[in-house]
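Shown next, in structure tokens, is the structure this report addresses.
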Amino acid sequence: MLKGRIHSIESFGTVDGPGTRFVVFFQGCPMRCAYCHNPDTQPLEGGTEMDVDEIYEQYLRNEAFYIHNGGVTATGGEPLMQIDFLTELFAKFRQHNVHTCLDTSGIAFNRSNKALLQKFDKLMEVTNLVMLDIKHIDPEKHKELVLQPNDNILDFCSYLNEKHIDMWIRHVVVPGYTDVDEYLYKLGYFIGQFENLKALDVLPYHTMGEVKYEKLGIEYRLKGVPAMDKDKAIEKKQVILDGIKKRREEMKSNS
């Protein structure tokens, strides 16, 4: 049986998909988001080795809280870095009719890699919902923010739409980085084309991760950047929604 590297498990997640969730934090992530508040999940080594049955046994301890409107969420780190184990884990839960949610940056997706694409196809067969973090719509700004390109991430949106997998988009609004209306509108216009788009979460940047960086002796790249005002974040969400509306109006008029 495969074993995965697991950073931690949360029994009662309420912001990791619909309902109350059993949340599995995977170890390892290739992204280096300037505002990452879990830098300890980034190294591929570390974590605790666990097999699927061990994780499922922990789920069963509180199953009554999840079975109606909740389920299991894989997050991290980046779960897709352990796609074989992730698929085996989700398959186990789907055997028992448990709703599965993948919280991901999409960074590991690569349509041109046929062997990898087959693995994604297999994973999607046991995935109910994908919560996809789009860090920035602009390619160069994205690289500045997370030190990785965004082309495969944006293509992942198209792939999920093709597979008819429900998609929630998440976007963190950071003052001076991701709060520019031009880019927010472009983000909305881009995601507005997808029929599988079910929700949009716009999250205000917070500074709670800064202390963790200090303890780990890691430079915090956004040091001095203020937290995003929650009311301001609501305004910024409306800009994205305007972009979505515009795209859908165009699609309707062209159909």
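The values are calculated or read from the model by the stated rules, or taken from the named source; none is laboratory data. The structure displayed is predicted, hence computed values, not measured ones. Positions of Cβ are backbone-derived with ideal geometry, glycine not excepted, and every protein chain shown enters the neighbour counts.
Here are some notes:
- Of the candidates Ile244, Ile234, the single residue that is buried (at least 19 other Cβ atoms within 10 Å of the Cβ) and part of a helix (DSSP H, G or I) is Ile244.
- Filter result for Lys212 (under 22 Å from Thr104 (Cβ atoms), surrounded by 13 or more Cβ atoms within 10 Å (Cβ to Cβ) and in contact with a Pro (Cβ under 8 Å, 6 or more places away or on another chain)): yes
- When we screen Phe120, Phe85 for residues that are assigned to a helix (DSSP H, G or I) and closer than 21 Å to Glu54 by Cβ, the only hit is Phe85.
- Residues being aromatic (Phe, Trp, Tyr) and either more than 23 Å from Leu89 (Cβ to Cβ) or more than 15 Å from the chain's Cα centre (by Cα) (or both) - total across region 110-158: 1
- Scanning region 166-184 for residues that are among the aliphatic types (A, V, I, L, M) and either under 17 Å from Asp201 (Cβ atoms) or in a strand (DSSP E or B) (or both) gives Met167, Ile169, Val172, Val173, Val174, Leu184.
- Options Glu45, Glu54: the member that is modelled with pLDDT of 95 or more and surrounded by fewer than 17 Cβ atoms within 10 Å (Cβ to Cβ): Glu54
- Qualifying residue in region 98-115 (condition: surrounded by 14 or more Cβ atoms within 10 Å (Cβ to Cβ), touching an Asp or Glu at 6+ places or on another chain (Cβ under 7 Å) and in a helix (DSSP H, G or I)): no
To keep it simple, each residue is scored yes or no on (1) under 25 Å from Val130 (Cα atoms); (2) hydroxyl-bearing (Ser, Thr, Tyr).
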residue	(1), (2)
Asn152	yes, no
Tyr183	yes, yes
Glu195	yes, no
Ala199	yes, no
Tyr205	yes, yes
Leu216	no, no
Tyr220	no, yes
Ala227	no, no
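- When restricted to residues that are among the small types (Gly, Ala, Ser), assigned to a strand (DSSP E or B), without any contact (Cβ under 8 Å) to a residue 60 or more places away in the chain and within 27 Å of Ala227 (Cα to Cα), region 3-54 contains 1.
- Leu160 being of a type outside the set (Lys, Arg), in contact (Cβ under 8 Å) with a residue 12 or more places away in the chain and out of contact with any Pro (no Cβ under 6 Å at 6 or more places or on another chain): yes
- The residue pairs whose first member lies in region 67-96 and is at positive phi, whose second member is at pLDDT 95 or above and polar (S, T, N, Q), and whose beta carbons are closer than 6 Å, counting only pairs six or more residues apart or on different chains, are Gly77/Gln27.
- Residue satisfying all of: in region 1-20; among the hydrophobic types (A, V, I, L, M, F, W, C) and modelled with pLDDT under 95; nearest to the chain's Cα centre (by Cα) among these: Val15
- Check on Ile153, out of contact with any strand residue (DSSP E or B) (no Cβ under 6 Å at 6 or more places or on another chain), part of a loop (DSSP other than H, G, I, E, B) and hydrophobic (A, V, I, L, M, F, W, C): no
- Pair list, Cβ < 7 Å and 6+ apart or interchain, from region 104-116 residues that are within 14 Å of Pro79 (Cα to Cα) to residues that are modelled with pLDDT under 95: Ser105/Met31; Ile107/Pro30; Ile107/Met31; Ile107/Gln148
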